[in-house]
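The values are calculated or read from the model by the stated rules, or taken from the named source; none is laboratory data. Fair warning: this is a prediction, and the values are worked out from it, not measured in the lab. Using ideal geometry, Cβ is built from the backbone for each residue, glycine included, and neighbour counts are taken over all protein chains shown. Just the protein is used for accessible areas: all its heavy atoms, side chains included, with ligands, DNA and RNA removed. Shrake-Rupley method; radii C 1.70, N 1.55, O 1.52, S 1.80 Å.
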Amino acid sequence: MTDNQFGTLFGFTSFGESHGKAIGCVVDGVPPNLAVTEADIQPYLDRRKPGQNRFVTQRREADEVEILSGTFEGRTTGTPICLLIKNTDQRSKDYGEIAHQFRPGHADYTYLQKYGVRDYRGGGRSSARETAVRVAAGAIADIALKSILGDEYGIYASVVQIGTHQIDPANFDRTQIDQNPFFCGDAKAAKSWESYLDEIRKAGSSTGAIIEIVGNGIPAGLGQPLYGKLDAEIAAAMMSINAVKGVEIGGGFALSALDGAQAGDEMRMADGKVEFSSNHAGGILGGISSGQPVTARIAIKPTSSILTPRKSVDEAGNNVDVITKGRHDPCVGIRAVPVAEAMMACVLLDQLMRHHAQTGLLSSE
C-alpha cells in the first residue's frame, strides 16, 4: 500500500492497523528546539480516545503515546520523530461473522477489489483507529504553530449538527465545547442530543454529523494560487479522514444562492489595516489566506458497522444479511473533532513552512 504520507515540508507517515500490535507515525520536517514531550502530546489524544462516555465506542484504549526518536532532553532535534501508540483492547472475535461478508457503506468490498486481501478485524487499515496517529502528529504541528504565531493563533472545532438536529448559532459559546460529550458549543443542543443518540444506539443504528473547524491568528499569504491552494489542501486533508463525505470552505454551497454583491467580503481601512465586513470566503482568497479566520465544515456519514440487518453479499457471491457485532460509535463524527483540528494544524504548519521557504517570511509582516 502506498500514499500513507501527508505533507510537503512538514508531514507524517502513518502505519498500523486497528487490531494489530500498535499504530503510529513518523513525523518529519519538525522545526528543531521545540519543547515537545509525551506529556505535551497526550492531552490531544485524550480528547479523541474511545470509551469516554456512552455516546462513543466502548473499546477501552489508553492511547498512551511513546516518543521513540527525534527529541533530546524534551526538545525536538530536527530529525524524524517516531510516535507509537499500542493497541491494548482488541476483540477480533467480534468480527468473525463478517470475515467473508461486505458491510454496506464500508471499505470491505473496495479493499478486497484493490488488494485481493483484507484485514477484516475492525476494518484493519481503513478503521478510524488510524486517526489517533493523525492527532499525535497534529499535536506537534499545533505546538509548533503556537511557538511561531503566538497567542493570537488557535484552532478549534465543534459539532454543529448531529443527524438532522442543528445547533442554534445564537447560543454558540466556544467555552462549552469541552464541557459536554459532543464537542458542542450550544449547551442546549448538546442536552437534546443525548436522548437522540440514546435512541439511535438502542436501535442498533448510527447517525452522521457536521463539524465546523476554525483557525484563528493565521497570517495572510499562506497557500499557492493554483495547485497548492490553501483551501484545496484543507479540503484534501479533511476528505482523507474516515467517513468524511463533504467539505465546505467559508460559506461553501450556500454562496451559490447569493449574488455577487452579497457574496464578496467588502473591505475598508481601519487603523492602518485592512478590515473585512464579512468572511464568506472562509479566510482564503484565490487559494491564499487573507488574514481572516480560516473556516471549514465537514460532513461525516453514519457509521457503517451497525447491528441493524443490512442486505449485502459475501466473497463467494452469495446474498447475505449483514449484522456487525462489536463496539462501534453510534456517531463517529463526535470523535472526529480533534482529528479535524489535527489535520487543519498539519496543513497550516506545512503551508507556513512552504511560505517561509519561498518568501523568507514566517508571517505577513
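In table form, for the structure just shown:
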quantity	calculated
Subset of region 149-186 [assigned to a helix (DSSP H, G or I) and crowded, with 17+ Cβ neighbours inside 10 Å]	149, 176, 177
Residue in region 93-111 that is assigned to a loop (DSSP other than H, G, I, E, B), touching an Asp or Glu at 6+ places or on another chain (Cβ under 8 Å) and modelled with pLDDT under 90 present	yes
Lone qualifier among 263, 254, 189 - being out of contact with any strand residue (DSSP E or B) (no Cβ under 9 Å at 6 or more places or on another chain), among the hydrophobic types (A, V, I, L, M, F, W, C) and more than 28 Å from residue 350 (Cβ to Cβ)	263
Filtered residues of region 293-328 (kept if of a type in the set (S, T, N, Q), open to solvent by 30 Å² or more (accessible area, probe 1.4 Å) and over 28 Å from the mean Cα position of the chain (by Cα))	318, 319
Tabulated pairs, region 174-187, first closer than 17 Å to residue 161 by Cβ, second among the basic types (Lys, Arg) and open to solvent by 30 Å² or more (accessible area, probe 1.4 Å), C-beta under 8 angstrom, 6+ apart or interchain	180/191; 185/174
Members of region 202-258 that are open to solvent by 30 Å² or more (accessible area, probe 1.4 Å), part of a strand (DSSP E or B), within 22 Å of residue 332 (Cβ to Cβ) and not charged (D, E, K, R)	210, 247
Residue within region 115-124 that is in contact with a strand residue (DSSP E or B) (Cβ under 9 Å, 6 or more places away or on another chain), surrounded by 14 or more Cβ atoms within 10 Å (Cβ to Cβ) and modelled with pLDDT under 95 present	yes
Condition broken by residue 192, with the remaining ones in (1) farther than 30 Å from residue 107 by Cα; (2) outside any strand (DSSP E or B); (3) open to solvent by less than 60 Å² (accessible area, probe 1.4 Å); (4) among the small types (Gly, Ala, Ser) satisfied	(3)
